[in-house]
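Let me begin by presenting the structure, written as structure tokens, before commenting on it.
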Amino acid sequence: MTGRFAPSPTGPLHFGSLVTAVASYVDARSKGGCWLIRMEDLDAPRNVPGADTDILRTLKHFGFEWDGPVICQSTRLDAYREALDRLRRDGHVYPCSCTRTTTPPCTCKTGDRWRVRYPEGDFTVRRADGIYSYQLAVVVDDAFQQVTDVVRGADLLESTPRQIHLQKLLGLPTPRYRHVPLALNESGEKLSKQTLAPPLDLLCKQELLAEAFRFLSLPGSQREEIFPSL
Ligand code: GLU
């Protein structure tokens, strides 16, 4: 089996990211599987310079060991273009109809924005600014990296059926999906850059890892087994 962690380089890792990373890492390692890292850097306007190297340094410091090279989505545009071409050829997507009068007027350049037909409500696979959507890129990359087991935060629960839909349209295998509860701050908000979640403190790695294991109701003995360097 192959698991993965797919951070977006929009800022430093926080406790919520650690929980997700631990959940997928423990799942993969306890089954003797591979664990990959993919840098989800497609949304260039949201990328923070240096965040990718900072994330990898932090993961290493916490004792994570990944298999194979780290793949960056920004290097995979040809693969996303091919997938979109296939969806287009098979008639599953349509371009945004910019001629429709909307308020405020639609500003996308005709032909840039593509939406896929989906029974629960069509969604975008390429944005008006030409950036491929998270949904499309993740599906293409999980298949390319032969990911069999996706373990990620419950905030992505609604993305999962959309991704399974795209896999079916593209003839790609569907991995097993599991979603872990979200770590919240004292106001009940999801930890994120927007809610000003503090970056992981490298000086407290043992405490933070122990806390992540407790949060996931994983036994401490498993922590010693899977993070032997601590
Ligand atoms: N890049 C996404 C995030 O940081 C995670 C994608 C995924 O696990 O499918 O929220």
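The values are calculated or read from the model by the stated rules, or taken from the named source; none is laboratory data. Keep in mind that what you see is a predicted model, and the values were worked out from it rather than measured. Backbone-built Cβ (ideal geometry, glycine too); neighbour counts: all protein chains shown. Heavy atoms of the whole protein, side chains included, go into the accessibility calculation; ligands, DNA and RNA do not. Shrake-Rupley method; radii C 1.70, N 1.55, O 1.52, S 1.80 Å.
Rounded to the nearest Hz, the phi-derived 3J(HN,Hα) couplings of segment 50-65 under the Karplus curve 6.51 cos²θ - 1.76 cosθ + 1.60 (θ = phi - 60°) are x, 5, 4, 5, 5, 4, 5, 4, 5, 4, 4, 4, 6, x, 6, 10, where x marks glycine and proline. Listed values for segment 4-11 are Karplus-derived 3J(HN,Hα) couplings in whole Hz (6.51 cos²θ - 1.76 cosθ + 1.60, θ = phi - 60°), namely 7, 10, 10, x, 9, x, 9, x, and x replaces Gly and Pro. Helix 159-170 and the longest principal axis of the Cα set of the chain meet at an angle near 60°. When the alpha-carbon atoms of the chain are used, the pair Rg, Dmax equals 18.8, 61 angstrom.
Just add up the charged neighbours of Asp85: K/R +1, D/E -1, any other residue whose Cβ is under 15 Å from the Cβ of Asp85.
In short, +2.
Taking all Cα-Cα distances within segment 1-70, those exceeding 22 Å account for 17%.
Derived scalar couplings between HN and Hα for segment 217-225 equal 6, 9, x, x, 4, 5, 5, 5, 6 Hz in order, rounded to whole Hz, by the Karplus curve 6.51 cos²θ - 1.76 cosθ + 1.60 (θ = phi - 60°), x for Gly and Pro. Cross-link reach is defined here as a Cα-Cα straight distance under 29 Å, omitting same-chain residues fewer than 8 places apart; for Lys31 the lysines meeting it are Lys60, Lys168, Lys205. Would you kindly calculate the mean projected area, averaged across all directions, of the convex hull enclosing the Cα atoms of segment 153-226, in square nanometres? Its Cα hull, projected and averaged over all orientations, spans 7.1 nm².
Amide hydrogen proximity for Ile37: with H placed 1.01 Å from N in the peptide plane, the residues at 5 or more positions away or on another chain lying under 5 Å are Phe5, Asp67, Ile71. Evaluate the relative contact order of the chain (contact order divided by residue number), counting alpha-carbon pairs under 8 angstrom at least 6 apart; express in whole percent. Computed value for the chain: 25 percent relative contact order. Per the Cα gyration tensor, segment 43-85 maps to an equivalent ellipsoid with semi-axes of 26, 15, 6 Å, ordered largest to smallest.
In what order, largest first, do Cys96, Cys34 sit by accessible area if the probe radius is 1.4 Å? Let's see the in-between values first.
Details: Cys96 20, Cys34 60 Å².
So the residues, ranked largest to smallest area, are Cys34, Cys96.
Less than 13 Å Cβ to Cβ from Pro119, Lys/Arg counted +1 and Asp/Glu -1: what total charge do the surrounding residues give? Residues near Pro119 contribute +1 overall. For Lys190, the aspartates and glutamates whose Cα falls under 17 Å of its own Cα, not counting residues fewer than eight places away in the same chain, are Asp155, Glu158, Glu211.
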